[in-house]
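What follows is a set of notes on a single structure, which appears directly below.
What follows is calculated from the coordinates using simple rules that are stated; it is not laboratory data. Quick caveat: nothing in here was measured; it's all calculated off a predicted structure. All Cβ positions, even for glycine, are placed from backbone atoms using ideal geometry, and neighbour counts span all protein chains on display.
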Ligand SMILES: [Zn+2]
């Protein structure tokens, strides 16, 4: 089905699409063309959107949800390689083997779902949609590269601050529903190590952590304590916001 067909139904989808930076970058005309193919969905925390080596049929453009791409070993060890919020899309795959990572919802929220076949047919037509997807793939590759560098060379206290700030940018200051188990998965550190690092931030008055909900209290001090990766990731995040 050609995506250039203008459909004037469901105006709320366009409104929601404006909250996804990648979709917004397409401009009003392209969004109008895509609108009938973008389905609003509610994503629940820890929901798996697709598994490794399992093909996905849809891509997800988060508006308020945050999605985590994770590599999981046979023994269940998990490593987050990138987080995706309202700057991008999860589940893009054009050709070749299926993904070697899982796509899991880190923070519950809303997203727009689009059929992968439709994305492929639209991408083959070229134009702004294709350009935006290629640009985003480049940004995401840089995000992954920075995360790998961070994991290898930076202290867990710094990594925790950088990661919290990256998540905070994507959820706009709301309380973050996070367990220490999740933090340990996302940061590739033991639960004990994460508990000690989070406790230190709490004792310094930089965060509040109650009943599995984390709130950043002193963002400026957390930015000071974060490694250089946060400012690089922030630039990459903003690169999509045009
Ligand atoms: Zn770092």
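Helix 128-153 and the long axis of the chain differ in direction by around 20°, with both axes built from C-alpha atoms. Modelled label positions at residue 57 and residue 142, each set 7 Å beyond Cα in the direction of Cβ, lie 3.6 nm from each other. Between 152, 220, 59, the GNM of the chain built on Cα springs shorter than 10 angstrom shows 152 fluctuating the most. Any idea what log10 I(q)/I(0) is at q = 0.17, 0.33 Å⁻¹ for segment 143-188, Debye with uniform C-alpha scatterers and no solvent? Calculated log10 I(q)/I(0) at the listed q: -0.50, -1.28.
Peptide packing: for 111-117, 23-29, the average count of neighbouring Cβ atoms within 10 Å per residue gives the ranking 111-117, 23-29, highest mean first.
In terms of overall dimensions, the C-alpha atoms belonging to the chain reach 56, 37, 30 Å along their principal axes, ordered largest to smallest. Separation of segment 154-208 and segment 36-80, taken as the distance between their Cα centroids, equals 21 angstrom.
Between residue 18 and residue 100, the contour length at 0.36 nm per residue exceeds the alpha carbon distance by 26.5 nm. Using a Gaussian network model of the chain in which every pair of alpha carbons under 10 angstrom is joined by a spring, one finds that among 105, 54, 156 the greatest mean-square fluctuation is at 54.
Computed over the chain, the per-residue total of -39500 (n - 2.57) for DSSP H runs of n ≥ 4 gives a 222 nm mean residue ellipticity of -13500 deg cm²/dmol, rounded to 500.
Counting beta carbons within 10 Å around each of 129, 61 and listing the fewest first gives the order 129, 61. Working value for segment 11-148: equivalent-ellipsoid semi-axes of 24, 16, 14 Å, each the square root of 5 times a Cα gyration tensor eigenvalue, largest first.
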